[in-house]
Amino acid sequence: MDTVTLDGGCQCGAIRYRITGAPVVVAVCHCRMCRRANAAPAVAWAMFQQSQVAFTAGKPATYASSGEGERGFCPSCGTQISFTATYIPGLIDITVGSLDRPDAVRPVLHYWDSERLPWVRLADDLPRHAEFPPFE
Ligand SMILES: [Zn+2]
Ligand SMILES: [Zn+2]
């Protein structure tokens, strides 16, 4: 099996990362928290084991967006990079938009569809979950 490597980073380049191996899951989140943090109508996330992700330049600043979750971002340019939470121990979400090649991964589901903006209709037939999807 080929070893997949995904590189990415923030807009100004202060933060760079390298990911080894395939994502656990790639999904589009429609929740209000992601929308606000990213100032975007919806946010695509690629989830990995934390051990798969190495920061090769800089390190994200963090903001505790809730009692459970922490968002990593570039303190210089503001690009949202990561999300970690107590309910997904050992895992880290990386913003698909911060990948050098965001087209290298594809979402397989939507979540928090209950908070989706009514005018956001992506043309796909992927499963849509009202809230956080069932997770093993
Ligand atoms: Zn930056
Ligand atoms: Zn979200």
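The values are calculated or read from the model by the stated rules, or taken from the named source; none is laboratory data. Here the structure is a predicted model, which is why all the values come from computation and not from measurement. In this analysis, Cβ positions are derived from the backbone assuming ideal geometry, glycine residues included, and neighbour counts consider all displayed protein chains. Keep in mind that these areas ignore ligands, DNA and RNA; they rest on the heavy atoms of the full protein, side chains included. Shrake-Rupley method; radii C 1.70, N 1.55, O 1.52, S 1.80 Å.
Looking at this structure, is F83 surrounded by 14 or more Cβ atoms within 10 Å (Cβ to Cβ), out of contact with any Phe, Trp or Tyr (no Cβ under 6 Å at 6 or more places or on another chain) and aromatic (F, W, Y)?
Spelling it out, F83 is indeed surrounded by 14 or more Cβ atoms within 10 Å (Cβ to Cβ), out of contact with any Phe, Trp or Tyr (no Cβ under 6 Å at 6 or more places or on another chain) and aromatic (F, W, Y).
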Query raised in the report: Limited to the range 35-68, what total is found for residues that are without any contact (Cβ under 8 Å) to a residue 40 or more places away in the chain, part of a helix (DSSP H, G or I) and under 22 Å from L117 (Cβ atoms)?
Result: 1
**Report entry** Positions within the range 51-70 being open to solvent by 90 Å² or more (accessible area, probe 1.4 Å) and within 15 Å of T86 (Cα to Cα), in sequence order
**Finding:** Y63, E68
Query - When residues of the range 10-22 are limited to those that are in contact with a strand residue (DSSP E or B) (Cβ under 6 Å, 6 or more places away or on another chain) and open to solvent by less than 40 Å² (accessible area, probe 1.4 Å), the one farthest from P133 (Cα to Cα) - result: I15
Report summary line: Cβ pairs under 8 Å, 6+ apart or interchain, first in the range 70-96 and farther than 16 Å from C12 by Cβ and part of a loop (DSSP other than H, G, I, E, B), second away from ligand 1 (no atom under 16 Å from the Cβ) and hydrophobic (A, V, I, L, M, F, W, C), ordered by first then second residue, are Y87/F132; I88/M47; I88/F135
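Across the range 97-136, which residue is least open to solvent (accessible area, probe 1.4 Å) among those that are of a type in the set (S, T, Y) and assigned to a helix (DSSP H, G or I)?
Top of the filtered list is S98.
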